[in-house]
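Contents: one structure, followed by commentary.
The values are calculated or read from the model by the stated rules, or taken from the named source; none is laboratory data. Predicted model only: the values in this text are computed from it and were never measured. With ideal geometry, Cβ positions are generated from the backbone for all residues, glycine too; neighbour counts draw on all protein chains shown.
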């Protein structure tokens, strides 16, 4: 696989296998948190952290875990990780912690994490699981940032970021003059609208790729049939030639 | 142990949980103190608002009500309770209440609330907050009508805090006490308030030096609202102490049953022993009548103060007073004076004028004549920095001057010193003008009369350019003058001198005598702020003056305006010296010895050079005789043209500056004057162009005033028109210069030899 192809597959993976837009997993937190870039990044990093570690731990422990108790085992692992993240956030980024609020604790029941543990980590090796956790975490962060970018700009008119540790503003750009913001985008309604539109766009893209693939397949089939026919023709012709030669 | 056995599963889960638990407790041990610190920091910010700079420690508490979220002790200050309760909004609200160590409420601070604006939110606004702040830990908390739910929740919260605090401090109180609905506050009335609306009148009935009785009138409710009658009272004052002995209402015109609460004996007793500047509690519900009484008392006190003080020791003080504000160059014009109230139009420089040569501020000042105190100030042209200087022109500051007879009694507005001084200067000059007028009419105090016209003395005299820099008080001393180059040692005040009474800057200035241009400037002593003013003392800037005959051709150094001015003042004073020595030096002209004589003359006549206004006026050097007369009016710059002179009657067309010209750089007035040549008396005057204020100045151009000059030899034989001093002077200047001129052809041709 060339570098270019790998890159392409990374992005198509991001979009096509996106847990949020592709699989509709973890939407609860996505809708609630995506009000600003800061929140999106904070939540994203927390999820990546939990997801990668839980995938690694689950893949390590999978072989010694009996099927009947795998869910409680995974939940204990995930819950421990989430509590840990929560404590760290509260200690070092109190401002971020207060805006994320209960949603940090709700990472425990984020479907993506349990879902990846169930669907991937328990069946794969440590390395592959870690990579899967990172990919899924990045995809989740990417979706969250896409939604929050749109919501923050339309809802508040300002695109801004601040350092979560010191609360110092890194940049703040006013893109829409004050008075022309669309406050609905700050509310959950705006979250649903943004999410639906982005999900539709991803679906449309997916469909176009599928269609292309189907087309390509069809063409390939047709080409194969043609080749077969030609080969048969050629064989016939060859047979005829042979007959002639015999004769 | 099989992987599927129950025991295996149990052990596995147990181990997992143990490991996780250990891990978490480890992390918790690490982060818990940091989290606690963070949370305290958030709370601290609020705590700091109540006890700034205090030390706070969170203390354990046992609160049965469950409303208290935190208790913070601040040693030396008190205890703060953080309380959460639910009022109207179901999310509730959080606030803090603090009890000082003595039990009084030390602060009431909303932390977070979403109560409705105009209803529940009123509980967190000034009025109610002030009520709470006025309580102690044993007082019941009053409710706020219209915000019952919210204030009840606050009451419950504070009650819970009170219970804790009082138990802790050992204060016994009645936890079931109910607050009385708060009564309407009694109005606080100060004698310094503006009572002009009540139109107080006071008349002295008797004054034996110990006790003075006044019959006073002032409008109350009836007068102010229904155009009814004023209330009347007899006020007895103790003269030596200037305090009220008794108040007796002689006529009551307000609503019976309401207003008369304020005339009850107990209410009137409240005034006894008070003196000017005190304040008194009015009677609630009878505010108007209370004010009316206060106004009457005040008018009596004013009357006593106005009549009681001996006028003997004042003049000297006043001279000093007006010079205090000399740099603001005040100009005053009397608009009206009916003996009780005088109105003055005043202009004085503030920051803009003093520092950047901008416009002066203007105001109308009303003065109570008998008491000599300020009645009102209306600033109508404001030229200083908005947002800074205008704090001075805010009504509540201007009000402070009401009733004041010395503007220095009011503190300057910090950060707006210049504008403050400008206003004070206006007031002082109006007061001086008033005093001067009184003294002038009684002809008792010539000294006071002089101070009475600060405008005239301070008005810029165009002929002397140095007056531009007069505030820097430039001094120039001739070091050498060989007729081609004059060297001066000069001093002039810059920032340090003008603002901090520090030293003047000093410089050596060389001037090219024939051209009157600067040859070199060297700063020899620099007294201003290093790093700021020295930009203007730098050679690169000083060199710009070389070859210049008017220092204003060079721009000031930005950021070093004062020093720039100081330098320019020095240069100007040197140039003026050269100019002043000119007529003396140039007249004998050409020959070298005369020049040296001129030099000695310059150095020998320091008075003359120090008073460039006088020296520069051509009359003083050339016409000894008219020096006395015409120079009196020289600031009006009369211009004279002889129309005809047949030896019997001379007709002059003449222009002379009045109010408009002197104060607003407007046009001069113009007139035609006929003089009887043999007797040198005025035959007739006709004003052909009038440029001053109509309705004011034109009193001095009315025929009945002009006709007074007929047959007069000296313009000053006729008194000026009060309220139109400038125009009067303009007219007199015309007349005087015509009279002066008339003599010339009769005596001899050249002006220089004119003499009588």
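Scan segment B:103-133 residue by residue and report those that are in a loop (DSSP other than H, G, I, E, B) and more than 19 Å from residue B:82 (Cα to Cα). Steps first, answer last, please.
From segment B:103-133, those in a loop (DSSP other than H, G, I, E, B) are B:103, B:113-119, B:125; that's our starting set.
If the condition is that a residue be in a loop (DSSP other than H, G, I, E, B) and more than 19 Å from residue B:82 (Cα to Cα), then B:116, B:117, B:118, B:119 are the ones that fit.
Out of all the residues in segment A:201-216, which are out of contact with any helix residue (DSSP H, G or I) (no Cβ under 8 Å at 6 or more places or on another chain) and under 20 Å from residue A:20 (Cβ atoms)?
A:201, A:203, A:204, A:207, A:208, A:210
Determine which single condition residue B:59 fails, assuming it passes every other condition in (1) surrounded by 11 or more Cβ atoms within 10 Å (Cβ to Cβ); (2) within 11 Å of another protein chain (Cβ to nearest Cβ).
(2)
Filter segment B:2-12 for residues that are outside any loop (DSSP other than H, G, I, E, B) and touching a helix residue (DSSP H, G or I) at 6+ places or on another chain (Cβ under 8 Å); which is nearest to the other protein chains (Cβ to nearest Cβ)?
This residue is B:9.
Is it true that residue A:52 is closer than 30 Å to residue B:3 by Cβ and away from chain B (no Cβ under 13 Å)? I'd like the intermediate steps shown before the answer.
Values: closer than 30 Å to residue B:3 by Cβ: yes; away from chain B (no Cβ under 13 Å): yes.
In short, yes.
Looking at segment A:76-91 only, could you name the residues that are within 26 Å of residue A:37 (Cα to Cα) and facing chain B (nearest Cβ under 7 Å)?
A:83, A:84, A:87, A:88, A:90, A:91
Looking at segment B:690-711, which of its residues are outside any loop (DSSP other than H, G, I, E, B) and under 37 Å from the mean Cα position of the chain (by Cα)?
Scanning segment B:690-711 gives B:697, B:698, B:699, B:700.
Assuming residue B:80 fulfils every condition listed in (1) assigned to a helix (DSSP H, G or I); (2) free of Cβ contacts under 8 Å to residues at least 40 places away in the same chain; (3) more than 9 Å from every other protein chain (Cβ to nearest Cβ) apart from one, which condition is it?
Result: residue B:80 passes all but (1).
When you scan segment B:100-117, do you find a residue that is more than 26 Å from residue B:128 (Cα to Cα) and either within 14 Å of chain A (Cβ to nearest Cβ) or at pLDDT 85 or above (or both), even just one?
no
I'd like the residue in segment B:42-55 that is assigned to a helix (DSSP H, G or I) and more than 8 Å from every other protein chain (Cβ to nearest Cβ) and, out of all such residues, is surrounded by the most Cβ atoms within 10 Å (Cβ to Cβ).
B:47
Going by the structure shown, is residue A:170 farther than 18 Å from residue A:48 by Cβ, more than 14 Å from chain B (Cβ to nearest Cβ), modelled with pLDDT of 85 or more and in contact with a strand residue (DSSP E or B) (Cβ under 7 Å, 6 or more places away or on another chain)?
Here the answer is no, as residue A:170 does not meet what is asked.
With respect to residue B:103, determine if the residue is on the phi > 0 side of the Ramachandran plot and either assigned by TED's automatic domain parsing to the domain that holds residue B:144 or surrounded by 17 or more Cβ atoms within 10 Å (Cβ to Cβ) (or both).
The answer is yes for residue B:103.
If I filter segment B:13-35 for residues that are in a helix (DSSP H, G or I) and either away from chain A (no Cβ under 14 Å) or in contact with a strand residue (DSSP E or B) (Cβ under 9 Å, 6 or more places away or on another chain) (or both), do I get at least one hit?
Filtering segment B:13-35 for residues in a helix (DSSP H, G or I) gives B:13-35.
Cutting the leftovers down to either away from chain A (no Cβ under 14 Å) or in contact with a strand residue (DSSP E or B) (Cβ under 9 Å, 6 or more places away or on another chain) (or both) gives us none.
Among the residues of segment B:13-35, not one is in a helix (DSSP H, G or I) and either away from chain A (no Cβ under 14 Å) or in contact with a strand residue (DSSP E or B) (Cβ under 9 Å, 6 or more places away or on another chain) (or both), which makes the answer no.
Any idea how many residues of segment B:145-167 are over 18 Å from residue B:66 (Cβ atoms) and either touching a strand residue (DSSP E or B) at 6+ places or on another chain (Cβ under 9 Å) or touching a residue at least 24 places away in the same chain (Cβ under 8 Å) (or both)?
Qualifying residue count, segment B:145-167: 7.
Between A:108, A:47, A:73, A:20, which is crowded, with 21+ Cβ neighbours inside 10 Å, touching a helix residue (DSSP H, G or I) at 6+ places or on another chain (Cβ under 7 Å) and within 14 Å of chain B (Cβ to nearest Cβ)?
The unique qualifying residue is A:73.
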